[in-house]
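Asks: Just passing along the structure, written as structure tokens.
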Amino acid sequence: MTERNHPHLPLSGRIAVITGATSGIGAATARRLVADGAHVALLGRREDRLKALADELRGDGPGAALPLAVDLTAPEALTAAADTIHSTLGRVDLVVANAGVMLGAPFETAATDEWDRMLDTNLRALLHTARAFTDDLIATAADGHPADLVHIGSVAGHLLYPNWSVYSATKAAVAHLTRNLRAELGPRDVRVKNVEPGVTVTELGNDMSDPRMRTTLTGMRTTLTPLTAEDIAEAIAFAVAAPPHVNIAELVVVPVQQG
């Protein structure tokens, strides 16, 4: 990798992996981290969008951008992606596990294949992503440098949302996984954190099969002033730029009107 470090930037020279980088919070986070000096590997399913974002980022900040289309639920695919990232960018010191799906429906009528999609993406993919780069994070921390594992959860992990039960369950699992990994990796100086957005306008939920829930989601986003993907990216950038001995472990980010 060509050295493009800018010491005056808060994330200068850091090497980040962002999943779900094709749109929404993932894409916004990539833009924000590159602007702050990081080099980013962009992971997701839609190769055309990843390449377009990488092209945009190459002229948008000092950081490098590497697009990689990958099935995040397949450990072997993530291992291959990690190998490519190592050879192209170097050792990873910042992981943003953002990929997710949000599919609401009444429990008794929900399409159970949508449950499987949420479990696969929101939990299994997040686990495999963390596992693929944990050795990098531990080694980085051992060398005395900041190392961050960032999970993108949701306030649905601890609030009550009727008809979003399975989605909420996956995010509750992410929250408690994060706490336990923090206890496991924190003593080795790896900062594990959970960023939990409230009502945010993204593509999340657009592919729900239940039309009533799509209407409900639109209502949630229009009855108050919602967050944008850029708002969450700003929170992530703030959290990972903290001094190395500081871990902003749980960050709840909600619209003011959500309370």
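Asks: Looking for something in contact (Cβ under 8 Å) with a residue 24 or more places away in the chain, surrounded by fewer than 17 Cβ atoms within 10 Å (Cβ to Cβ) and not in a loop (DSSP other than H, G, I, E, B) - is there at least one such residue anywhere in the stretch 44-52?
Replies: Scanning the stretch 44-52 turns up no residue that is in contact (Cβ under 8 Å) with a residue 24 or more places away in the chain, surrounded by fewer than 17 Cβ atoms within 10 Å (Cβ to Cβ) and not in a loop (DSSP other than H, G, I, E, B).
Asks: Right, another one. Output the residue which, of all residues in the stretch 193-235 that are assigned to a helix (DSSP H, G or I) and among the charged types (D, E, K, R), is farthest from residue 99 (Cα to Cα).
Replies: It comes out as 212.
Asks: Just wondering, is there one or more residues in the stretch 21-29 that are within 15 Å of residue 230 (Cα to Cα), surrounded by fewer than 20 Cβ atoms within 10 Å (Cβ to Cβ) and out of contact with any Phe, Trp or Tyr (no Cβ under 9 Å at 6 or more places or on another chain)?
Replies: Within the stretch 21-29, one or more residues are within 15 Å of residue 230 (Cα to Cα), surrounded by fewer than 20 Cβ atoms within 10 Å (Cβ to Cβ) and out of contact with any Phe, Trp or Tyr (no Cβ under 9 Å at 6 or more places or on another chain).
Asks: Find all pairs meeting these conditions: Cβ atoms under 6 angstrom apart; at least six residues apart or on different chains; first residue within the stretch 215-237 and in contact (Cβ under 8 Å) with a residue 40 or more places away in the chain and under 23 Å from residue 247 (Cα atoms); second residue surrounded by 18 or more Cβ atoms within 10 Å (Cβ to Cβ) and of a type outside the set (A, V, I, L, M, F, W, C).
Replies: Close Cβ pairs satisfying both conditions: 229/24; 229/202; 232/197; 233/29; 233/32; 236/29; 237/32; 237/36.
Asks: Could you grab me the full set of residues in the stretch 85-127 that are in a helix (DSSP H, G or I), exposed (fewer than 15 other Cβ atoms within 10 Å of the Cβ) and of a type in the set (Gly, Ala, Ser)?
Replies: 87
Asks: Please go through the stretch 238-259 and give me each residue that is assigned to a helix (DSSP H, G or I), in contact (Cβ under 8 Å) with a residue 60 or more places away in the chain and either surrounded by fewer than 18 Cβ atoms within 10 Å (Cβ to Cβ) or not small (Gly, Ala, Ser) (or both), ordered by number.
Replies: 240, 258
Asks: Suppose the filter is more than 15 Å from the chain's Cα centre (by Cα), farther than 19 Å from residue 78 by Cβ, of a type outside the set (S, T, N, Q) and surrounded by 21 or more Cβ atoms within 10 Å (Cβ to Cβ); does residue 33 pass it?
Replies: No: the conditions fail for residue 33.
Computed from the coordinates by the stated procedures, all read-outs in this text should not be read as laboratory data. These numbers were taken from a predicted model, which means no experiment stands behind them. We place every Cβ from the backbone using ideal geometry, glycine too, and count neighbours over all the protein chains shown.
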